[in-house]
Amino acid sequence: MKLSKQNWENLLELFKAVSSTGFSDVIVRSNLIRQFNDSKNLLIEVSVPEIQEIEFGLVKNYIPVLKTFSPQEDDQETEINLSDSEITISDGESELKFNRPDIDLLACDYVSDQRFSKLGLDRATVLMTLELDERLIQKISTIQNVFSANTFSLETSNQKTSLKIESWSKTGRSTIKRADSQIQEKKLVGNIMLFLFPFDFSTNPVFEVITTESKRTLGRVTGTILNRNVSLFSILTKQ
């Protein structure tokens, strides 16, 4: 398959964004990244129209060398060829070959359509919604970096949900904002992992608390990058 200069650069930008959000590997199947992170507590789903299938273990390590195969002119292309055992990348001047990893041995876990359907995430009920504008995300990101933490508390009582965007560590605690929403559950207390993806801000990302038919509660952040939708799901852990 051949990718234009723009498509190749978009693909690498997407891989960089995914690797910066707790995913060491990237697995593309049927033009889709849908995988758990290394710790199995965060699931990402994002379309990849540039390429139907490819996989990289420790993708962050590959990005610098892959960038050297970016076409120099807009009318030039980067070619990718896949065999059962190898990935070959060529820019017409030089060629890069490396072994295809076994996705069953990668730290990240790919989620098939059948498995995703069983999770029930596409049929979940929204409990509350909070828009994440750029200023709020900058605050959250800064606090995560300072406290080296990305866990936020979720509390419900008297048929109200309060999401305290709160991060803590041994060195301190910070509460940024709280949002309330009427819900059906009487009481629910727990923590949600919130990893901030490098979204575009043509439209603000949205954070939602959702519950599946099996009564599993999750956080979901949706936004866009490179004109495509991104969804991140994190599982509620009870306090």
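Hey, with R₀ at 41 Å, roughly what FRET efficiency would Lys215 and Asp133 work out to, going by the Cβ-Cβ distance, to 0.05?
E(calc), rounded to 0.05, equals 0.85.
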- Query: Hey, rough spin-label estimate for Thr68 and Lys2, points 7 angstrom out along Cα→Cβ, what's it come to in nanometres?
  - Reply: 2.4
- Please compute the net charge surrounding Asp25, taking Lys and Arg as +1 and Asp and Glu as -1 over other residues with Cβ under 10 Å from its Cβ. -2
- Karplus-derived 3J(HN,Hα), 6.51/-1.76/1.60, for each residue of region 62-77, Hz, glycine and proline x: 8, 4, x, 6, 5, 5, 6, 9, 6, x, 7, 10, 5, 8, 8, 9
- Task: Kindly provide log₁₀ I(q)/I(0) values, in the same order as q = 0.19 Å⁻¹, from the Debye equation applied to equal alpha-carbon scatterers of region 2-119.
- Result: -1.03
- Note on the structure: Ranked on Cβ counts within 10 Å of their own Cβ, fewest leading, Asp104, Asp122 go Asp104, Asp122
- Message: Within 14 Å, Cβ to Cβ, of Leu12, how many net charges do the neighbouring residues add up to if Lys/Arg are +1 and Asp/Glu are -1?
- Response: 0
- Message: Skipping prolines and chain starts, which residues have an amide H placed within reach, meaning under 5 Å, of the one on Val48, given they are 5 or more residues away or on another chain?
- Response: Leu32, Ile33
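Quick note: the coordinates plus some simple rules give every number you see, no bench work behind them. Computed from a prediction, not measured in an experiment: that's the story for all the values here. Using ideal geometry, Cβ is built from the backbone for each residue, glycine included, and neighbour counts are taken over all protein chains shown.
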